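Taken together, the values in this text are just the output of simple stated rules run on the coordinates, not laboratory data. Treat the numbers as computed from the prediction; the structure is a model and nothing was measured. Cβ atoms come from the backbone with ideal geometry, glycine included; neighbour counts cover every protein chain shown.
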Amino acid sequence: MVEFSLSLAAFKKAIRTVMVGRSEYMDHDTADLVAVADTVELCSTGTSIVLPATVVQGGCGRIPLVVLRNAKRAAASFKKNRLRVRIEGGRIKLDSFSFSHPEIELKPIGTRIADLPINATALDCLAVQTLFSAEEIAESGLAPRILDAQEIAVWSIKSAADTLAKFGVPLEAVRDLVEAHIALHARATVAALAQT
């Protein structure tokens, strides 16, 4: 269980910030609520907001964004300054209002080690796939985005190969070119991160 209380206005504003630019991935993106010491960090792909809080039971709860959006709507009806939040496997409770969803889960703190910008391209997603293990990607909530990028790559490679077939360029050559470019992008990403 994770339990904390925080400013209702700050919580609603943080959720609103996390929801920006998420319409395409609303059905499978998640957000982590990490409660430690006197703060709660609300983080999702490409976004992280730290809020002051009174933490009763620390930990990390992973919430689907569709549930978080509904929680924000419910919180809008509350007429108090502070909100009590309790997260358990399959359920989040905001004061007396409760949401159930099978993908609400408790996670170890620090499992979200890979991240992408909100507007990450398919190339960015495929580069991340070369830098992290499948488990690290799944634990970071990025697997749906990686799968979408893989589908785009397969379709794009086939389409390019079909177009270039009249010039004798085989599918394997197009695939090799794309894989080399993904590896190059991954190396450039690592180099850029090393400088920060």
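Applying the condition of being of a type in the set (Ser, Thr, Tyr) and farther than 21 Å from LYS107 by Cα to the stretch 1-24 and asking which residue is farthest from the chain's Cα centre (by Cα) yields SER7. For the stretch 157-176, the set of residues classified as surrounded by fewer than 13 Cβ atoms within 10 Å (Cβ to Cβ) and within 17 Å of LEU126 (Cα to Cα) consists of ASP176 only.
Of the candidates VAL67, VAL55, VAL85, the single residue that is in contact (Cβ under 8 Å) with a residue 12 or more places away in the chain, under 17 Å from ILE109 (Cα atoms) and β-branched (Val, Ile, Thr) is VAL55. Residues considered: GLU151, GLU136, GLU179. Of these, the only one that is under 24 Å from the mean Cα position of the chain (by Cα) and exposed (fewer than 15 other Cβ atoms within 10 Å of the Cβ) is GLU151. In the condition set (1) in contact with a helix residue (DSSP H, G or I) (Cβ under 6 Å, 6 or more places away or on another chain); (2) among the β-branched types (Val, Ile, Thr); (3) assigned to a loop (DSSP other than H, G, I, E, B), VAL169 is compliant with all but (1). Restricting the first member to the stretch 148-167 and to residues that are more than 25 Å from VAL128 (Cα to Cα), and the second to residues that are assigned to a helix (DSSP H, G or I), the beta-carbon pairs closer than 7 Å and six or more apart or on different chains are LEU164/VAL174.
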